[in-house]
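Undergrad: This is the structure I want to talk about, given as structure tokens.
The values are calculated or read from the model by the stated rules, or taken from the named source; none is laboratory data. Keep in mind the model is a prediction, meaning the values are calculated, not measured. No Cβ is skipped: glycine too gets one built from the backbone with ideal geometry, and neighbour counts run over all protein chains shown. These area figures cover heavy atoms from the full protein model, side chains too; ligands, DNA and RNA do not enter into them. Shrake-Rupley method; radii C 1.70, N 1.55, O 1.52, S 1.80 Å.
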Amino acid sequence: MGFGVRGAGRWTVQERGSGACRLVLLHDFTVGGDRAEDAEWVRRATDTNSRAELGRLKDLAERWERLDQLVPSFEDSIRVQGPPEPVYGFLHRVADWPRLLPRVARLEVAEDTPGVQVMTMDTRTADGAAHTTQSVRVCFPDSGRIVYKQTRAPALMHSHTGQWSVVPDASGVTVTSRHTVLLREEAIGPVLGEGTTVEQCPPLPAPGTGPQLHRHPRPGQAAYASTPHGPPHGPVTAPAARPRPAGRAPR
């Protein structure tokens with residue numbers, strides 16, 4: 001795209017009687033150079049993206065009573081007896097993971113802007129299957145945080161966002177992995193066995209992380225744990241997983 005675009009927009013919710021509403025998404029934009037073909041390209045792209053956004057929002061909004069199950073958020077923490085720099089360095093240097101982590105079969109990463117990583121990773125699960133995920137990660141070394149969003153999630157999820165945090169104290173560091181996922185309800189049966197529901201997802205540990213990190217998974221967490229999602233930890237002592245309140249909508 002060789003032209004500049006400036007735009008704004010607004011969301012409007014219009015009540016349509018008991019239990020119904022109409023959601024309107026409006027866009028205003030200007031295109032540099034004011035060429036008709038450029039403006040038409042932006043209009044088509046905006047219309048395509050907006051229809052996809054509205055369709056996904058409609059699908060979720062009409063299942064609002066089940067969002068606590070379909071959009072679980074949870075976190076795990078471990079203690080590491082050591083300084084924070086090598087721990088954060090391990091999480092940041094994803095290019096080294098195939099050499100250091102047996103279950104990472106392939107990983108490609110680009111960091112054209114310092115601190116912004118775009119990566120594609122192939123992982124192996126316990127049954128020997130290979131899975132490919134793609135993520136965008138934003139790294140904050142000064143605060144010991146890495147936030148990410150999977151742009152290509154495993155088959156069981158519509159989306160997955162998360163954060164690594166490394167918090168030092170006098171005796172070591174606490175490493176916390178936080179996750180919010182939107183489960184793909186229609187994929188639960190094909191992935192976990194026909195007839196399986198969200199409530200019936202088995203409490204499986206996450207491959208490669210060690211069962212001590214998932215002692216008390218929630219149904220949504222168990223479903224997530226059966227898919228590849230980041231690097232395993234080393235031989236450290238971990239407390240039980242601490243579920244967080246489920247989110248009401250994906251971010």
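Undergrad: Given charges of +1 on the Cβ of Lys and Arg and -1 on the Cβ of Asp and Glu, with all other atoms neutral, how large is the dipole of the range 20-88 about its Cα centre, in debye to the nearest 20?
TA: With Lys and Arg at +1 and Asp and Glu at -1, about 240 debye.
Undergrad: Would you mind calculating the gained length between LEU54 and GLU37 on full extension (0.36 nm times residue separation, minus the Cα-Cα distance), in nm to one decimal?
TA: Working it through step by step, the gained length comes to 3.6 nm.
Undergrad: Keeping all protein chains in the complex and leaving out DNA, RNA and ligands, what accessible area do you get for GLU185 with a 1.4 Å probe, in Å² to the nearest 10?
TA: The accessible area comes out at roughly 60 Å².
Undergrad: Sticking with this one: Distance from a point 7 Å along Cα→Cβ of GLU62 to each backbone N in the range 7-21: keep the residues under 15 Å and list them by number.
TA: The answer is 19-21.
Undergrad: With a bin width of 10 angstrom, please list the P(r) values of the range 65-194 as percents of all Cα-Cα pairs, from the 0 bin to the one holding the largest distance.
TA: Pair shares across the bins are 12, 36, 37, 14, 2.
Undergrad: Can you tell me, using C-alpha contacts under 8 Å and at least 6 residues apart, the relative contact order of the range 1-135 as a whole percent? Walk me through the numbers on the way to the answer.
TA: Details: 113 pairs, mean separation 14.6, N = 135.
Once divided by the residue count of the range 1-135, the mean separation gives 11 percent.
Undergrad: With all protein chains present, how much of the accessible area of the range 63-150 (probe radius 1.4 Å) comes from carbon and sulfur, to the nearest whole percent?
TA: Within the range 63-150, the accessible surface is 57 percent carbon and sulfur.
Undergrad: Relative to the Cα centre, what is the charge dipole magnitude of the range 1-51, using +1 at the beta carbon of each Lys and Arg, -1 at the beta carbon of each Asp and Glu, and rounding to the nearest 20 debye?
TA: 240
Undergrad: Among THR133, GLY33, GLN69, whose Cα projects farthest towards the positive end of the dipole of the range 1-145, with charges put on the beta-carbon of Lys, Arg (+1) and Asp, Glu (-1)?
TA: GLN69
Undergrad: Would you be so kind as to identify which of VAL80, GLY55, GLY115 lies farthest towards the positive end of the dipole of the range 33-192, taking Lys and Arg as +1 and Asp and Glu as -1 on Cβ and the Cα centre as origin?
TA: Of the listed residues, the answer is VAL80.
Undergrad: Want the number for ARG79 to GLU15: 0.36 nm per residue separation, take away the alpha-carbon distance, what's left?
TA: Going from the current span to full extension adds 18.0 nm.
Undergrad: Using Cα pairs closer than 8 Å and at least 6 residues apart in sequence, work out the relative contact order for the range 58-191, in percent.
TA: In percent, rounded to a whole number, it is 26.
Undergrad: Here's another thing I want to ask about it. Multiplying the sequence separation of SER171 and VAL136 by 0.36 nm and subtracting their Cα-Cα distance, what value in nm do you get?
TA: 9.4 nm
Undergrad: What does the charge dipole of the range 83-186 about its Cα centre add up to, to the nearest 20 debye, if the Cβ of each Lys and Arg holds +1 and the Cβ of each Asp and Glu holds -1? Please report the intermediate quantities before stating the final value.
TA: Details: 11 positive and 11 negative charges, 29 e Å.
For the range 83-186, the charge dipole is close to 140 debye.
Undergrad: Here is a further query. Rounded to two decimals, what ratio of Rg to Rh does the range 41-131 give with C-alpha atoms and a Kirkwood Rh?
TA: In the range 41-131, Rg relative to Rh is 1.10.
Undergrad: Once you put a point 7 Å from the Cα of THR120 and another 7 Å from the Cα of ALA187, both along the Cβ direction, what distance in nm separates them?
TA: Spacing of the two 7 Å Cα→Cβ label points: 1.8 nm.
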